[in-house]
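Asker: Here it is, the structure, as structure tokens.
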Amino acid sequence: MKEQRKMKTSFRVYLKWPIWMSVLVVLMIPLMFALDLQGGIAASVFGAFYVAASVYFYLYYRNHVSKELVSFASEYAQVQKNILYDLDVPYGICDERGKVLWFNGALKKAVGEEVLDKELLHNIFPEVTKKAYSGEDDMSVTRVLYQARNYRLTLKKLGFSGILQSLISDDQLNSAAAVYALYMYDETEILRCQRELEDNQLVAGLIYMDNYEEALEDLEDVRKSLLIALVDRKITQYFSRYQCILKKLEKDKYLFVVAWKYLEDMRSRKFSLLEETKAVNIGNDMAITVSIGIGIHGDSFAQNYEYARMAMDLALGRGGDQVVLKDRNNVEYFGGKSHSVEKTTRVKARVKAHALRELIESKERVLIMGHHLSDVDSIGAAIGVYRAASISGKKAYIVLDTVIGSIKPLLERFKESTDYEEDLFISSERARDLVNDNTVVVVVDVNRPNMTECPELLKRTKNVVILDHHRQTSERIDNAVLSYVEPYASSACEMVAEILQYYEDGIRIRSLEADAMYAGIVIDTDHFKNKTGIRTFEAAAFLRRNGADVTRVRKMFREDMQDYKIRANAIHEAEIFMDTFAISSCAGESSESLNVIAAQTANELLNIRGIQASFVLTEFENKIYISARSIDEVNVQIVMEKLGGGGHMSIAGAQVPGKTLEEVKQQLMDTIAEMRGSGAI
């Protein structure tokens, strides 16, 4: 606006400069008379002529010049209009209602004249909202799809003061409605090329046979070769469908490279290779299962391979027989419906025991912690690690903040015994004062940092050890120098009992410690009815030889009548959902062991004929806790993962903060229904 006014003022001055020169000539005439009479007369004649000529030409040519300027401006505007009309980029002008006021040939060709004349912009392109031309923003960009073409549609607010300047006042101009320039850039080919590049992006993957040794153990030599050949053929045939590069690295390990577009098809089919390999049977009692780890969306192929390796660690840590897709931030799981296969060899336990001893003996002290609201298995495993540290001559502490009712009888026995220091059990606050780089922090019965008794300890030392039997999730402790996670184990106490047997030759542990570890196995296996294998009974036998007493353990964990009634009422109030799922809740203000009672109730509900899985909810410390149990038909772990929890295929749980019991119950039912409908469970 200011530039236009400045231009008009300059043009008027340019037209009037002869008039100002005439004034100067008139002022010079008296001076000429003073110098010379004849010169003054001549100057007067010349001045009169010059003034007359200036006034005449100003009055005559002013209108002529204005007409020429208007004609030039009109022709210039017409040229601009023709240029815009012939522009290859679809262009138009619309008002604040979305009505297209003017459009060029490219926009007419792309959309159609009849459509532009009749329809408003948001009716032609549903992706464009009325807010885009409501006057709030000077420019908006929207991706639209029209007649199988992809466009980037830009709306830019325009000022049209130059057109109306000579017709209306500034006040009227300021109140005039806005108009918008409409640009449409065809991005169809760009997006096609982009999709083609993404589709052909290379994805790295690893394939491991979970139970290679175990499946071949009882087969004849001829059948062993035949079984492996058939599994090899299944894997080769599966990946040959997708133009994949497949390379066998070892007898039970493969590397493959595949384009992203084929990975999407594998995902949609839920990686049918998992079921195809299990279907191979030539008289073998145990089917071979495979785990697949795939790395995606890395900055390079090398990074995709690293993601694939991490994904494989997750798959094996969750029990195998599943596919894990991992990128920088997210993890996606497929499969995992079958039970993890128990490893009969204890080589790994021996290796981990020696590594643990070397680490403990190289440091000053040991801090041991389990999960928040520690149960008998967590305390029993911690006691076992305490014994290992004592054998190495190191001071050890067990971090414990909240004592629930189920572990009180066990803790009282340790407090009454004179064989143990008074500071055996310490609070998180005291542990934070003790921890440093010369401290080993051993985490038992949990592998998720936010569920430990004191997560801060994990950040204050570089020496972290994990001993756990729960399946791993994407949320895990990343800075562990020693990690021993075995999902097939029945309990953390079973794992620690195995480690102790290799920690020192001829090791002997106290009967009270053996009772604690034996109790952990009994509770987690529901008296040897869930997840028990050969190694479970071997660990129990080791503890019995070291003085564990079945009668003492049974008497230690007898229930109060009040707890018994709470469990009986929860069973009575159980609701059968979708004919195969039992859902109930435990409530009791005076009970200190609601979480334990909920777990016991979930176990009891499995004894009902037709029930495939049970879920019992309870409220504690402003959180809703879920205990989930199954026998062999439903993987409750993947159900609990949907609610932020985890665990095993048959034993799992979750903690849900910030919601009421009824809200969590409805969320659980919706999750079960969704997963049952999609075939995930």
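Asker: Between a residue in region 198-217 that is charged (D, E, K, R) and any residue that is in a helix (DSSP H, G or I), which pairs come within a Cβ distance under 9 Å, given they are 6 or more apart or on different chains?
Answerer: What qualifies is GLU198/TRP260; GLU198/LYS261; ASP199/TRP260; ASP199/LYS261; ASP199/TYR262; ASP199/GLU264; ASP210/ALA315; ASP210/LEU316.
Asker: Got at least one residue in region 278-288 being assigned to a helix (DSSP H, G or I), within 27 Å of HIS470 (Cα to Cα), at pLDDT 85 or above and more than 23 Å from the chain's Cα centre (by Cα)?
Answerer: yes
Asker: What's the total number of residues in region 472-498 that are among the aliphatic types (A, V, I, L, M), in contact (Cβ under 8 Å) with a residue 60 or more places away in the chain, buried (at least 19 other Cβ atoms within 10 Å of the Cβ) and closer than 30 Å to ASN329 by Cα?
Answerer: Residues meeting the conditions: 2.
Asker: Go through (1) crowded, with 17+ Cβ neighbours inside 10 Å; (2) at pLDDT 85 or above one by one and return the number of the condition LYS659 breaks.
Answerer: Against the list (1) crowded, with 17+ Cβ neighbours inside 10 Å; (2) at pLDDT 85 or above, LYS659 comes up short only on (1).
Asker: Shifting gears a bit: Take the residues in region 250-283 that are touching a strand residue (DSSP E or B) at 6+ places or on another chain (Cβ under 8 Å) and over 21 Å from LYS326 (Cα atoms), then tell me which one is surrounded by the fewest Cβ atoms within 10 Å (Cβ to Cβ).
Answerer: Looking at the filtered set, the residue picked out is ASP252.
Asker: Just checking, how many residues over region 570-579 are surrounded by fewer than 16 Cβ atoms within 10 Å (Cβ to Cβ) and free of Cβ contacts under 8 Å to residues at least 60 places away in the same chain?
Answerer: 5
Asker: Separate question: Any residue at all in region 237-254 that's closer than 30 Å to THR142 by Cα, of a type in the set (Val, Ile, Thr) and outside any helix (DSSP H, G or I)?
Answerer: No, because not a single residue in region 237-254 is closer than 30 Å to THR142 by Cα, of a type in the set (Val, Ile, Thr) and outside any helix (DSSP H, G or I).
Asker: Determine if region 647-662 includes at least one residue that is basic (Lys, Arg), assigned to a loop (DSSP other than H, G, I, E, B), farther than 15 Å from LEU373 by Cβ and not assigned by TED's automatic domain parsing to the domain that holds VAL446.
Answerer: Yes, some residue in region 647-662 is basic (Lys, Arg), assigned to a loop (DSSP other than H, G, I, E, B), farther than 15 Å from LEU373 by Cβ and not assigned by TED's automatic domain parsing to the domain that holds VAL446.
Asker: Then there's this: Being part of a loop (DSSP other than H, G, I, E, B) and more than 24 Å from ALA628 (Cα to Cα): is that true of ALA489 here?
Answerer: The answer is no for ALA489.
Asker: Give ILE672, ILE626, ILE651, ILE608 a once-over and let me know the one that is under 23 Å from ILE523 (Cα atoms), among the β-branched types (Val, Ile, Thr), modelled with pLDDT of 85 or more and touching a helix residue (DSSP H, G or I) at 6+ places or on another chain (Cβ under 8 Å).
Answerer: Of ILE672, ILE626, ILE651, ILE608, the one residue that is under 23 Å from ILE523 (Cα atoms), among the β-branched types (Val, Ile, Thr), modelled with pLDDT of 85 or more and touching a helix residue (DSSP H, G or I) at 6+ places or on another chain (Cβ under 8 Å) is ILE626.
Asker: Does TYR185 satisfy the condition of being under 30 Å from LEU101 (Cα atoms) and more than 27 Å from the chain's Cα centre (by Cα)?
Answerer: Yes, satisfied.
Yes/no matrix, rows are residues, columns are (1) of a type in the set (Val, Ile, Thr); (2) modelled with pLDDT of 90 or more:
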{"residue": "ALA382", "(1), (2)": "no, yes"}
{"residue": "SER406", "(1), (2)": "no, no"}
{"residue": "THR418", "(1), (2)": "yes, no"}
{"residue": "SER427", "(1), (2)": "no, yes"}
{"residue": "ARG430", "(1), (2)": "no, yes"}
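Asker: So, in region 383-422, how many residues would count as being touching a residue at least 24 places away in the same chain (Cβ under 8 Å), among the charged types (D, E, K, R) and over 19 Å from HIS372 (Cα atoms)?
Answerer: Residues flagged as touching a residue at least 24 places away in the same chain (Cβ under 8 Å), among the charged types (D, E, K, R) and over 19 Å from HIS372 (Cα atoms) within region 383-422 amount to 5.
Asker: Would you point out the residue of region 217-236, among those that are of a type in the set (Asp, Glu) and in a helix (DSSP H, G or I), that is surrounded by the most Cβ atoms within 10 Å (Cβ to Cβ)?
Answerer: Among those residues, the one meeting the criterion is ASP232.
Asker: Another question, then. Pairs only if they're at least six apart or on different chains, beta carbon under 8 angstrom, first in region 242-258 and in contact (Cβ under 8 Å) with a residue 40 or more places away in the chain, second outside any loop (DSSP other than H, G, I, E, B) and among the charged types (D, E, K, R); list them, first residue then second.
Answerer: TYR254/LYS247; TYR254/LYS248; LEU255/LYS247; PHE256/LYS247
Asker: Condition first: crowded, with 20+ Cβ neighbours inside 10 Å, farther than 19 Å from SER374 by Cα and among the aliphatic types (A, V, I, L, M). Now tell me which residues in region 499-549 satisfy that.
Answerer: Listed by number, the residues that qualify are ILE499, LEU500, ILE509, ALA539, ALA540, LEU543, ALA548.
Asker: State yes or no: is LYS565 touching a residue at least 40 places away in the same chain (Cβ under 8 Å) and basic (Lys, Arg)?
Answerer: no
Asker: If you don't mind, another one. With the condition kept exactly as written, say whether any residue in region 194-204 is outside the structural domain of GLY320 (by TED's automatic domain parsing), farther than 24 Å from GLY335 by Cα, among the polar types (S, T, N, Q) and not in a helix (DSSP H, G or I).
Answerer: Within region 194-204, one or more residues are outside the structural domain of GLY320 (by TED's automatic domain parsing), farther than 24 Å from GLY335 by Cα, among the polar types (S, T, N, Q) and not in a helix (DSSP H, G or I).
Asker: Answer yes or no as to whether ARG241 is basic (Lys, Arg) and out of contact with any strand residue (DSSP E or B) (no Cβ under 9 Å at 6 or more places or on another chain). Steps first, please.
Answerer: Working: basic (Lys, Arg): yes; out of contact with any strand residue (DSSP E or B) (no Cβ under 9 Å at 6 or more places or on another chain): yes.
Spelling it out, ARG241 is indeed basic (Lys, Arg) and out of contact with any strand residue (DSSP E or B) (no Cβ under 9 Å at 6 or more places or on another chain).
Asker: Could I ask something else about it? Inside region 82-103, can you point out the residues that are under 42 Å from the mean Cα position of the chain (by Cα) and not in a strand (DSSP E or B)?
Answerer: Passing the criteria: VAL89, PRO90, GLU96, ARG97, GLY98.
The values are calculated or read from the model by the stated rules, or taken from the named source; none is laboratory data. Bear in mind that the values here come from a model prediction, so they are computed numbers and not experimental data. Cβ: placed from backbone, ideal geometry, glycine included. Neighbour counts: every protein chain shown.
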